[in-house]
Amino acid sequence: MTHVARTVAFKPGERNIFFHILTACNLSCRHCYINPAQHGSETLALETIQRWLELFVAPGKTGNVIFLGGEPTLHPDLAAAVAHAKGLGFGVTVDSNGYLFHDFLHRTDPDLLDYLSFSLDGPDPEVNDPLRGSGVFATCVANIKRAVALGFRTSLIYTVSSRNLLHLERMVPLLVELGVKKFFIQVIGLRGRSAGPAAGDHVFQVSRDRWLAVVPGVAARAAAQGIQVTYPKVFIDQDEKFECAGRVAENYFIFPNGRVYQCPLCEDYPINAWRIEDDDLVKNEGLCEDRLFTLDIPEGCVMNKLLQPDTIDYDEKGRPSHKISCCLLKQEIG
Ligand code: SF4
Ligand code: SF4
């Protein structure tokens, strides 16, 4: 069977809640986007997590909660937060770096957790560990095996940079061996530490041609093995429809300091459209991200044009050769 990638349209009747319940982490990955100065450094109490989750319940809408950090399993009450989110009717995912602290697998249940997602940035320790830390590959793989054996549905996130693009292909046999059902390929973004000189973002970034030469092919090969693969669309042709998720979808990126963003590219700036104050969701006034979403420009994504203008090519008449799609627009195959 031939698998063909399709673009996943934004779903107006669906809410996705990306909930950073703390920013602490046991690792310090090269491309980490967590920025405590902008996101806070507190660990939210269980009661706060529960109240904040309740703010996003919308009758008649499907909702998904993705628990994030930092490392969310460092939170001693993550299992209770998962159970509360499930009880409110949300689909629930936890994104872990693979360490699974506080005996998380035995304190939660595959019936409560729709997906347990792991992050690896290489098919072996030689590629992964320089990016994510010494010993991380072995720990993460061992815990994926434990999770699969206990009946959890697992997914894996691979963040593509110039350091690991050419090793992406070798992820396919590893995913098959581990029994991972979903594979998310991400592209490194110019945020947080990845935007700083220490990370050498220009060295880490992947060009359009290299991305297109590798990623869709690997995705098709993984799909042929029965794995569902999702990767960002990144570039769209001039005649393809551009949509900003900030205008047409409902995504909320919640941080422990109460900031709530609609666009992940905005997360390093105090331009969040919403905030949680006294356990209420409040709209921010003034020049916030949602004003930027309304601008129509030939380059497509306004935030990309503002933050990473050198990723856009122009023809001799000064027109952009390709539009940059919304970073939340995905292709799916499998
Ligand atoms: S595991 Fe996640 S939060 Fe922790 S350092 Fe790595 S990217 Fe950052
Ligand atoms: S990434 Fe660009 S297109 Fe997507 S929500 Fe943000 S500003 Fe809008």
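Summary of computed values
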read-out: Number of the exception - E47 against (1) loosely packed, with under 15 Cβ neighbours inside 10 Å; (2) not in a helix (DSSP H, G or I); value: (2)
read-out: Matching residues, region 323-334, being in contact with a strand residue (DSSP E or B) (Cβ under 7 Å, 6 or more places away or on another chain) and either assigned to a strand (DSSP E or B) or buried (at least 19 other Cβ atoms within 10 Å of the Cβ) (or both); value: K323, I324, S325, C327, L328, L329, K330, Q331, E332, I333
read-out: Breaking point among (1) at pLDDT 90 or above; (2) touching a helix residue (DSSP H, G or I) at 6+ places or on another chain (Cβ under 7 Å); (3) under 20 Å from H167 (Cα atoms), for D201; value: (1)
read-out: Some residue of region 171-182 being over 30 Å from S207 (Cβ atoms), in contact (Cβ under 8 Å) with a residue 40 or more places away in the chain and either away from ligand 2 (no atom under 16 Å from the Cβ) or in contact with a helix residue (DSSP H, G or I) (Cβ under 7 Å, 6 or more places away or on another chain) (or both); value: yes
read-out: Given (1) under 20 Å from the mean Cα position of the chain (by Cα); (2) surrounded by fewer than 18 Cβ atoms within 10 Å (Cβ to Cβ); (3) in a strand (DSSP E or B), number of the condition R247 does not satisfy; value: (3)
read-out: Enumeration of residues in region 229-240 that are within 12 Å of ligand 2 (Cβ to nearest atom) and of a type in the set (D, E, K, R); value: K233
read-out: Count - residues of region 253-264 that are under 20 Å from L287 (Cβ atoms), away from ligand 2 (no atom under 12 Å from the Cβ) and not β-branched (V, I, T); value: 4
read-out: Residue in region 1-8 that is touching a Gly at 6+ places or on another chain (Cβ under 7 Å), away from ligand 1 (no atom under 15 Å from the Cβ) and closer than 24 Å to Q228 by Cα present; value: yes
read-out: Region 219-238 residues that are basic (K, R), paired with ones that are modelled with pLDDT of 95 or more (beta carbon under 9 Å, 6 or more apart); value: R221/E169; R221/V172
read-out: Residues within region 146-184 that are among the charged types (D, E, K, R), modelled with pLDDT of 95 or more and closer than 27 Å to P216 by Cα, tallied; value: 5
read-out: Residue within region 297-309 that is away from ligand 2 (no atom under 14 Å from the Cβ) and either under 22 Å from V160 (Cβ atoms) or of a type in the set (D, E, K, R) (or both) present; value: no
read-out: Number of the condition not met by G89 [criteria: (1) small (G, A, S); (2) more than 16 Å from ligand 1 (Cβ to nearest atom); (3) surrounded by 15 or more Cβ atoms within 10 Å (Cβ to Cβ); (4) over 23 Å from E42 (Cα atoms)]; value: (3)
read-out: Exclusive hit being crowded, with 17+ Cβ neighbours inside 10 Å, β-branched (V, I, T) and either over 22 Å from I21 (Cβ atoms) or within 16 Å of ligand 1 (Cβ to nearest atom) (or both), set V302, V260; value: V302
read-out: Region 220-243: number of residues that are buried (at least 19 other Cβ atoms within 10 Å of the Cβ), among the hydrophobic types (A, V, I, L, M, F, W, C) and modelled with pLDDT of 95 or more; value: 4
read-out: Helices (runs of 4 or more DSSP H) contained entirely in region 67-177, each with at least 2 residues that are under 18 Å from the mean Cα position of the chain (by Cα) and on the phi < 0 side of the Ramachandran plot; value: 125-132
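The values are calculated or read from the model by the stated rules, or taken from the named source; none is laboratory data. These figures come from a predicted structure and were not determined experimentally. All Cβ positions, glycine included, derive from the backbone under ideal geometry; neighbour counts span all protein chains shown.
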